[in-house]
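Data first, discussion second: the structure below is written as structure tokens.
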Amino acid sequence: MKILLWFLLPLFVFAKVHYAKVEPYESVVLKSAVSALVLEADLDAEGTLVQERRVIHLDDVMDNINLKDSQESVQLLEQMISINQDIAGSLSSTVKRQEGYYQRISKLSTASKTQKDNAYNSYTSAKTQYLSTREKIVSLEKQLIDMKYKVALLSDTIGKKSIVLKKKYLYKLMVREGDFVNPGTPLAEVQDISKAKLVLFLEPEELKDVKSRTVYIDGKKTAYRINKVWNVADEKFISSYRAEIYIPAPKKRFSKLLKVELK
């Protein structure tokens with residue numbers, strides 16, 4: 001009986017061994033948001049850590065011309081609004097004077113009907129001009145809002161036609177100069193290698209208190225912990241649950257295979 005227990009004991013003492021590849025912390029595929037011709041694709045940057053550099057440039061020539069014209073239109077509309085506001089200010093003073101004159105003359109018994117009618121007509125004419133100018137200002141302000149929206153839209157479109165990477169690893173370019181892309185076309189695969197992760201696939205019985213387990217890597221105890229656990233079984237390994245351990249980025253190369261145990 002003692003001999004039987006001695007053989008069974010390791011099944012309960014030793015944790016299940018997992019093997020995980022050191023992967024970049026994040027890997028994403030950048031896709032085009034617009035339809036355009038590829039003007040530049042920086043093949044020299046492929047396979048390097050890009051500090052700050054444009055790696056893909058889509059055709060934005062007409063967009064830039066349109067943007068410049070639209071920005072000038074914004075300035076012109078602002079000038080027109082300013083001029084009409086000055087006109088409205090002058091007309092407002094005229095309306096007040098004409099109204100005051102009409103109110104005074106309408107009470108004079110010595111004033112003729114013609115004089116009173118002329119005073120009233122001058123007052124209503126000045127008020128109509130004032131209201132017409134105010135209406136024009138409102139119309140110009142609406143045009144200005146629309147034009148500013150157009151400028152913002154063009155700026156956004158131009159921004160989406162240049163892929164600029166900052167401290168990211170360009171793993172792969174998926175387009176070349178001369179290609180034509182549509183919305184949704186994959187452009188590049190980019191990775192964040194500022195840190196790394198180990199991906200494990202755990203059996204259901206391993207999930208109990210998994211975040212409090214001690215992580216052993218290549219047989220050595222570490223201070224790492226399980227950082228993230230999926231509550232839904234993996235679509236590929238249908239009886240297992242994905243878990244991730246975040247670790248510092250390797251000094252030399254990624255993709256090294258490590259032995260991982262949770263105890």
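In table form, for the structure just shown:
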{"quantity": "Failed condition for Y102, given (1) surrounded by 16 or more Cβ atoms within 10 Å (Cβ to Cβ); (2) closer than 30 Å to D59 by Cβ", "calculated": "(2)"}
{"quantity": "Sole exception among (1) over 31 Å from the mean Cα position of the chain (by Cα); (2) part of a loop (DSSP other than H, G, I, E, B) for F201, by number", "calculated": "(2)"}
{"quantity": "Any hit, the range 49-62, residues being exposed (fewer than 13 other Cβ atoms within 10 Å of the Cβ) and modelled with pLDDT of 95 or more", "calculated": "yes"}
{"quantity": "Filter pass, L153 being touching a Gly at 6+ places or on another chain (Cβ under 9 Å), more than 30 Å from V95 (Cα to Cα) and either part of a strand (DSSP E or B) or not β-branched (V, I, T) (or both)", "calculated": "no"}
{"quantity": "The range 181-197 residues that are under 12 Å from L170 (Cβ atoms), paired with ones that are of a type in the set (D, E) (beta carbon under 7 Å, 6 or more apart)", "calculated": "Q191/E26; D192/E26"}
{"quantity": "One residue from V138, V74 being modelled with pLDDT of 95 or more, outside any loop (DSSP other than H, G, I, E, B) and surrounded by 13 or more Cβ atoms within 10 Å (Cβ to Cβ)", "calculated": "V74"}
{"quantity": "Any hit, the range 115-131, residues being part of a helix (DSSP H, G or I), surrounded by 16 or more Cβ atoms within 10 Å (Cβ to Cβ), of a type in the set (S, T, Y) and within 46 Å of the chain's Cα centre (by Cα)", "calculated": "yes"}
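Residues are listed down the side, and each one gets a yes or a no for (1) at pLDDT below 90; (2) over 30 Å from M147 (Cβ atoms):
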| residue | (1), (2) |
| --- | --- |
| N84 | no, no |
| G89 | no, no |
| S93 | no, yes |
| Q98 | yes, yes |
| K107 | yes, yes |
| T114 | yes, yes |
| A119 | yes, yes |
| S125 | no, yes |
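The values are calculated or read from the model by the stated rules, or taken from the named source; none is laboratory data. On a predicted model such as this, the values are computed, not experimentally measured, just so you know. We place every Cβ from the backbone using ideal geometry, glycine too, and count neighbours over all the protein chains shown.
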